[in-house]
Amino acid sequence: MATIRIDRLTRVFRVGDSEVRAVDNLALTLDTGALASIVGPSGSGKSTLLALLGGLDTPTSGAITVDGRPLHQLAADDLAAYRRTSVGFVFQDFFLLSHLTALENVELPLKLSGMPRAARRERAEGLITQVGLTQRAAHLPRQLSGGERQRVALARALANQPRLLLADEPTGNLDVHTGRQIADLLVELNARQRITMLLVTHNLDVARRAPVRFNMTDGALHPAHPAAS
Ligand SMILES: Nc1ncnc2c1ncn2[C@@H]1O[C@H](COP(=O)(O)OP(=O)(O)OP(=O)(O)O)[C@@H](O)[C@H]1O
Ligand SMILES: [Mg+2]
């Protein structure tokens, strides 16, 4: 079953008199549980595509369906609910709250979705363990390494059991070795839980870990050539 169906998706930004076709007549179909990577030059529309898939932005035209839900037709409230319950985001810059511990950062989305205190503490502890940070649960973000911060961000993204994980350059601020560990973790989580994952990266080693690979140029996706992978 396809989780993601995108057809003739276009997002045009207008700034003054000029127009940027950040996503241009793009098509994509991904099966449930797929792990796909996207590589492409700066400005090719990768982040714009993830924002559209995550319900953070709305298309100029075209269709995006996630688990049968047509995002392009959802009202603002329904799109907000989709964002909160169905999608997890991981970014290059981690975006952890600096005054909260690792555990509390993971707990936050559970609190926002109304889970009672004891239950959310237990789930957050489970997630912290899954990403290998049991010994760091009480650390503040500044007391964590970059790789550890990204593990916390990943645990937080998984908190509400999303169907879809969108990662935009998750290893971009990490050294090669740490980046590889984060990629390992994504592959492992993808295998263990049936979360569909879309991973944008400039790191070809990380991109090659994904069984499904695309190149993005000028707002469109092309299957990565097997010989080049
Ligand atoms: N809010 C916006 N308003 C106007 N133009 C935008 C906006 N967001 C993105 N763009 C333009 O759309 C194009 C695609 O941007 P996008 O951020 O999707 O690229 P990217 O592939 O993620 O690049 P990078 O690898 O540098 O992160 C760029 O030309 C950018 O300038
Ligand atoms: Mg980007």
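The values are calculated or read from the model by the stated rules, or taken from the named source; none is laboratory data. Treat the numbers as computed from the prediction; the structure is a model and nothing was measured. As a convention, Cβ positions derive from the backbone with ideal geometry for all residues, glycine included, and neighbour counts pool all protein chains shown. Side chains included, ligands, DNA and RNA excluded: accessible areas come from the protein's heavy atoms. Shrake-Rupley method; radii C 1.70, N 1.55, O 1.52, S 1.80 Å.
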Test Asp93 against the stated conditions and say whether it is at pLDDT below 95, of a type outside the set (A, V, I, L, M) and assigned to a loop (DSSP other than H, G, I, E, B).
-> yes
Within the group Val39, Val23, which residue is touching a strand residue (DSSP E or B) at 6+ places or on another chain (Cβ under 8 Å), surrounded by 15 or more Cβ atoms within 10 Å (Cβ to Cβ), closer than 21 Å to Pro211 by Cα and among the β-branched types (Val, Ile, Thr)?
-> Val39
Take the residues in the stretch 188-224 that are farther than 14 Å from Ala167 by Cβ and in contact with an Asp or Glu (Cβ under 7 Å, 6 or more places away or on another chain), then tell me which one is most open to solvent (accessible area, probe 1.4 Å).
-> Asp218
Does Pro162 satisfy the condition of being within 16 Å of ligand 2 (Cβ to nearest atom) and either in a loop (DSSP other than H, G, I, E, B) or within 23 Å of Thr48 (Cα to Cα) (or both)?
-> no
So which pairs qualify, if the first residue must be in the stretch 101-121 and in a helix (DSSP H, G or I), the second must be among the acidic types (Asp, Glu) and open to solvent by less than 20 Å² (accessible area, probe 1.4 Å), the Cβ gap must be under 8 Å, and the two must be at least 6 apart or on different chains?
-> Arg120/Glu107; Arg121/Glu107
